[in-house]
Amino acid sequence: MKFLILFSTLILMLSPSCKKQQTNKEIEINYTAQTRGFKYVLHLKNNVLKIDKNNVVKEIILNKSQYDNIDSLVNNINFIKIENNISIDDLAVDRVIKGVFTIDLKEKKYEFEFNHQKLPDTIQNLLNKLEKFLN
């Protein structure tokens, strides 16, 4: 009987809680564009936004309205239609700055490689909106 109680207690302690299983994963966005002499890193996780421009780091906690605005923008982007737009030939001669954009949405993750100077409009609008929150 003691063994059964001990075993039951152990199972209950080790199993994840129901509440934890029901919570949805939040949006996570990472964008990095870097070359010799230039660095731009944007990271959004949950409601914490951090941008590093050439080692000048700014961070903010987004309020609900700001976060909902970003969530709406992200949900209106068709990530399936977006394509990588960077040329290996241009990278070889430092003609472009390579930008790596990753977004982790609830159960899907997308990753793209872009020319930092020619981002797709929807991605550029999203990054611009995020930057405005820091100003």
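Points worth noting:
- Residues with amide H under 5 Å from that of residue 62, placed H, sequence gap 5 or more: 48, 49
- Placing a label point 7 Å from the Cα of residue 107 along the Cα-to-Cβ direction, the residues of region 76-94 with a backbone N closer than 20 Å are 76-81.
- Restriction of the GluC sites (Glu not before Pro) in region 36-114 to DSSP coil positions whose beta-carbon has at most 11 other beta-carbons within 10 angstrom yields 83, 107.
- Pairs of Cα atoms farther than 17 Å apart, region 24-132, %: 53 percent
- Of 50/118; 45/118; 64/98, pairs whose Cα-Cα distance is over 27 Å: 64/98
- Here is the list for region 56-98: trypsin sites (Lys or Arg not before Pro) lying in DSSP coil, each with at most 16 other C-beta atoms within 10 angstrom of its C-beta, are 81, 95.
- Neighbour-count order for 116, 43, fewest beta carbons within 10 angstrom listed first: 43, 116
- Projecting the Cα positions of 85, 61, 122 onto the charge dipole of region 24-132 (unit charges on Cβ atoms of Lys, Arg, Asp and Glu, taken about the Cα centre) puts 61 furthest along the positive direction.
Where a number appears in this text, it was derived from the coordinates with a stated rule and is not lab data. Note that this is a predicted model, so its numbers are computed, not measured. Virtual Cβ from ideal backbone geometry, glycine too; neighbours counted across all protein chains shown.
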